[in-house]
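Here's the structure we're looking at; comments come further down.
The values are calculated or read from the model by the stated rules, or taken from the named source; none is laboratory data. Keep in mind the model is a prediction, meaning the values are calculated, not measured. Neighbour counts are summed over all protein chains in view; Cβ atoms, including those assigned to glycine, are modelled from backbone coordinates with ideal geometry. Ligands, DNA and RNA are excluded from the accessible area calculation, which covers all protein heavy atoms including side chains. Shrake-Rupley method; radii C 1.70, N 1.55, O 1.52, S 1.80 Å.
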Amino acid sequence: MIDLVLVPGRDRSLLRRHPWVLSGSVARSVGNAEGGALVRVLSAEGEPLGFGHLSPHSVIRVRMVAFGKEAPADSWLEDRIQAAVRRRGEDPLLADLEGLRLVNAEGDGLPGLVVDRYGDCLVVKLSSAGMANLRQPIAEALRAVPGVSRVLERADAVAARQEGLAIREGVWFGEEPEALLTLHERGRRYEVDVRHGQKTGFYLDQREARDLVQRLADGRRVLDLFSYTGGFAVAAVRGGAHSVTLVDSSEPALALARRNLRAAPEVESRFVAANAFRFVRADDALYDLLVVDPPPLARRRRDLARATRAYKDVILHALHRAAPGAFLLVFSCSHHVGADLFRKVVFAASLDAGRPVQVLGTLGPPSDHPVSLDHPEGDYLCGLLLRA
């Protein structure tokens, strides 16, 4: 067992069970270990603090998997995967879902591992050297998930670069997924590209927001900015929307959105391949229900100032496009832009737009995307339901 010794005073976060050891907190290592190895972390005084996976090329130098003096049991990985799957199966809020997240990294005590389910197909992303070293035992644990016949690994290019890993993806077992899988979600039907689509193919974390859009949409003119493959638009159509306008910069995403909306030809649908920031500035239509769900704009802390300006700009112009009494769902999925800061950004947009708004509710991910209280960085998705 290789030991990593911390800089004096840098043990506080581990004593609070935070699962990350940053590179600047490490004073030295006792022995040499390869990336992904299980190492023991010691305080500057030599007190054992816990065990984690080493990432020698990453700013996050160690991802903790156990705290205290005792090393994790040999079965810790299998036990935690089984526990995560069991929790989803016992959760009444997730009953009868074909698509959901089975493992949510630090939220399930499995840092660097994400597993999403689409019917009989699981899609895995490995974002740490430690989990990349554990492909085989992860695959064996996932074989035991009831109703699963195939598992696909999707590459995480950003994580691979940060961790110094080779890009790997492909089928672990079972048949290769079709070009498009069909996902049924609370009466809504989607075609999902699990091999090439964003994240693992679909934004499973916005399920409850889609439910809300469906409830609000009846008779309304809907604008879906950053629409991707039409997740919100399909919900709006199912809820009785008068019309839907989808705006996204990706032609392939809009092509799949057209497929997802083809079951409702009677609803006026407009597909706009454009930069959503520019579109909402130039558009002259009014809408009764607007969804503003941009991609992460602050992936790093140094991006924060630019990101908050961008969020403010798009929300400000969305308010110009909001009819009196319109509902708006606005989101940030950048963990550096927390709920308090995001509310301040929305307030500034409202002030500059000259449109007072009411906050009707807060929005976030569903219960298959749990966040550990020990790891606030996992709380990345926040949103507000507004009435203009």
Checklist outcome for this item: Expected single match for over 24 Å from Asp3 (Cβ atoms) and not aliphatic (A, V, I, L, M) among Arg63, Arg135 is Arg135
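What number of residues within region 154-174 satisfy the criterion of being open to solvent by 30 Å² or more (accessible area, probe 1.4 Å) and modelled with pLDDT of 95 or more? Full working, then the answer.
Of region 154-174, the ones open to solvent by 30 Å² or more (accessible area, probe 1.4 Å) are 156-158, 161-162, 164-169, 171-172, 174.
Next cut, modelled with pLDDT of 95 or more only: 171-172, 174.
The qualifying residues number 3.
One line per residue, one yes/no per condition, for (1) surrounded by 21 or more Cβ atoms within 10 Å (Cβ to Cβ); (2) farther than 22 Å from Ala33 by Cβ:
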| site | (1), (2) |
| --- | --- |
| Leu93 | no, yes |
| Arg101 | yes, yes |
| Leu126 | yes, no |
| Glu140 | no, yes |
Item to check | Count - residues of region 323-361 that are under 16 Å from the mean Cα position of the chain (by Cα) and not aliphatic (A, V, I, L, M) | outcome: 7
Checklist entry - Looking at region 192-209, is at least one residue touching a residue at least 12 places away in the same chain (Cβ under 8 Å), farther than 23 Å from Cys121 by Cα and touching a helix residue (DSSP H, G or I) at 6+ places or on another chain (Cβ under 9 Å)? => result yes
Next on the checklist: For region 329-340, check the following and say yes or no: at least one residue is of a type in the set (Phe, Trp, Tyr) and in contact with a Lys or Arg (Cβ under 9 Å, 6 or more places away or on another chain).
Outcome noted: no
Checklist entry - If Ala144 satisfies every condition in (1) open to solvent by 60 Å² or more (accessible area, probe 1.4 Å); (2) closer than 26 Å to Glu34 by Cβ; (3) in contact (Cβ under 8 Å) with a residue 40 or more places away in the chain but one, which is the exception? => result (2)
Checklist entry - Residues Arg306, Arg278, Arg270, Arg259: which one is farther than 16 Å from Val222 by Cα, in contact (Cβ under 8 Å) with a residue 12 or more places away in the chain and open to solvent by 30 Å² or more (accessible area, probe 1.4 Å)? => result Arg259
Next on the checklist: Given the options Arg150, Arg80, Arg117, name the one that is over 19 Å from the mean Cα position of the chain (by Cα), over 24 Å from Val62 (Cα atoms), surrounded by 15 or more Cβ atoms within 10 Å (Cβ to Cβ) and touching a residue at least 12 places away in the same chain (Cβ under 8 Å).
Outcome noted: Arg150
Next on the checklist: Based on this model, can you work out whether Ser243 counts as open to solvent by less than 30 Å² (accessible area, probe 1.4 Å), within 15 Å of Asp293 (Cα to Cα) and not β-branched (Val, Ile, Thr)?
Outcome noted: no
Checklist outcome for this item: Of the residues in region 344-370, those that are out of contact with any Leu (no Cβ under 7 Å at 6 or more places or on another chain) and more than 27 Å from Val115 (Cα to Cα) number 7
Checklist outcome for this item: All conditions in (1) small (Gly, Ala, Ser); (2) buried (at least 21 other Cβ atoms within 10 Å of the Cβ); (3) without any contact (Cβ under 8 Å) to a residue 12 or more places away in the chain are true of Ala132 except (3)
Next on the checklist: Tell me the residue from Val346, Val371, Val359 that is more than 27 Å from Gly107 (Cα to Cα) and in contact with a Phe, Trp or Tyr (Cβ under 9 Å, 6 or more places away or on another chain), please.
Outcome noted: Val346
Checklist outcome for this item: Screening His196, His184 for residues that are part of a loop (DSSP other than H, G, I, E, B) and surrounded by fewer than 21 Cβ atoms within 10 Å (Cβ to Cβ) leaves only His196
Checklist entry - Does any residue of region 340-357 turn out to be among the β-branched types (Val, Ile, Thr), at pLDDT 95 or above, farther than 22 Å from Leu216 by Cβ and buried (at least 18 other Cβ atoms within 10 Å of the Cβ)? => result yes
